[in-house]
Each structure stands twice: as C-alpha cells, then as structure tokens.
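The values are calculated or read from the model by the stated rules, or taken from the named source; none is laboratory data. Here the structure is a predicted model, which means the values were calculated and not measured. With ideal geometry, Cβ positions are generated from the backbone for all residues, glycine too; neighbour counts draw on all protein chains shown.
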Amino acid sequence: MFKQQRTDKVLEIIRENKYATVDFLVSKLHYSPATIRRDITYLADLGLVKKSYGGVSITGNRPSIIREHENISAKISLCKTASDLIKDGDTLFIDGTTTTYFLGEHILNKKDITVVTTNLKLATFLGNHKVNCYVCGGQVHDVTMLLGPFVCDMINKFKFDIAFFSVGTINSNGQICLFSPFWDFMKCAISRSSRNVLLCDKEKLTEDRNIYLTDIGAFDTVICDFKPSKTFYTNFEKTQFIISEE
C-alpha cells in the first residue's frame, strides 16, 4: 500500500470512529506504531486530525467541496475589490483556497495577465478562457490544491507583481492560523512578490485555534468585509486595510 493510500485509510478510520488510539490503528492496518505515528503527524500538519494524549481525533475542517459553497457572496465581494489592484500585463500568484478562486472571472477583464496558481480548479477555468496560466506541480491536497516542495520550485521561477492569499482563521491580535504545508509555499510566494494581499471575510475571525505561524504583518494589504479593530491598525501600521462591500 502506497503512503497516500495508507494515510487515506488512517483518516477514514478516524472519521468513522471520531477518535482512535495508535494501537487501534495498528490493529486495523497492520503497520508498525512508528509508521502510524508518522501518518498521524502528516495528517495533523494538513489540519485534518488533531493529536491528543493517547490518540487522535478528527478536526472540524471541512473539505473544499463543501467550503467552496460557503460565504460565496463575501468571497465574490472580496475578489471584486482585489481585482481593482490588478493592472494589465501583471504576473500574479493566486493560492489554492476557495476564496481566491473567485478572482478568476475578474482576471478575464484584464489584458496580458500571467497567473501562477496552486488551484487546479482555477487553472482549468483560466485555461478554458485562454488566460496564460501555470500550475505549481505538487501533491494533490483536498481535491483541488497542490502542496509540497515542488510547488516552491515552480514559484521560484517567477517574479510576481501581486500575490493573493486567504487563510484559515485570524485572532484578535492579528495572528494567523495556518498549517505548516500551506505556510511553506506562502512564504516562498511572498518573497517573490512586490505586493502581497490577504483576503479575509469576517467568518475567519475566531479565537478557537492556537497554531499561529504568521500574522497580518506578513502582508502589504488586507482586504476584508469587516471593520478592522484598533489593535489591527496599531499593531500593523505598515499594512493597508481595504474594506469591501457586498
């Protein structure tokens, strides 16, 4: 059984039981405890499971096929506002989130645009409309997004005028919750871009996560559908905040 098949099976068992110990997974799959622990760590890094004392449980993360149908009006509004930053002839990086996907239709109104993306669905859409688009090769995650070191290899071949991102959650201090595989390629794209833009709807404001790998200060511009708090303005004076309206 290949690693991906095995980790898929591990995830399936955890989802069926809501919680599982390493010993239970070993008894079901007949792999060594060390192998199962590595698989659990891999799934935890992707945010699909949560490690706890003695075992592992499923997280509340929803697959992209569900997320792409949530908060659609807010996502469209954010992307419409974001598209005003794009100029004819720009080279763009667009991440693989369900929020930034909606930039696609606005790009069609621009001339001589080049897009580099980790979103297979967006790449298909742009390709069908004859937009010059490159897909960052990597491991397929959650149906449409690509992850892994090969993504950075592709990103490093370009210089971007603007890079667009969205994230999991943001707390009241402006700290951003991300899982390490996402942050790896985001750091790479940020370093290659003249302007980095974060799209954030109000549903992402929460205090229920504690894996904070960066903060709002990593971005030049934040486009949101809520009024930023005084803390945001005070702590991130160099960041431009733009409020979109539905």
Q) How many of the residues making up the range 233-243 are surrounded by 12 or more Cβ atoms within 10 Å (Cβ to Cβ) and in a loop (DSSP other than H, G, I, E, B)? A) 2
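Does the range 189-232 hold any residues that are of a type in the set (Asp, Glu) and buried (at least 16 other Cβ atoms within 10 Å of the Cβ), and which are they?
Asp201, Asp215, Asp220, Asp225
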Q) Just checking, how many residues over the range 166-213 are among the polar types (S, T, N, Q), more than 14 Å from the chain's Cα centre (by Cα) and over 16 Å from Val116 (Cβ atoms)? A) 6
(Q) Which residue is modelled with the highest pLDDT, if the candidates are limited to the range 2-31 and must be in a loop (DSSP other than H, G, I, E, B) and surrounded by fewer than 11 Cβ atoms within 10 Å (Cβ to Cβ)? (A) His30
Q: Return the pairs, sorted by first residue and then second, in which the second residue is surrounded by 15 or more Cβ atoms within 10 Å (Cβ to Cβ), the first residue lies in the range 13-30 and is at positive phi, the beta carbons are less than 7 Å apart, and the residues are 6+ apart or on different chains.
A: Lys18/Ile58
Q. Filtering the range 142-188 down to residues that are crowded, with 21+ Cβ neighbours inside 10 Å and of a type in the set (Ser, Thr, Tyr), which residue is nearest to Phe93 (Cα to Cα)?
A. Ser166
Q: Hand me the list of strands (runs of 3 or more DSSP E) wholly inside the range 140-232 holding 1 or more residues that are of a type in the set (Gly, Ala, Ser) and closer than 25 Å to Ser83 by Cα.
A: 162-166
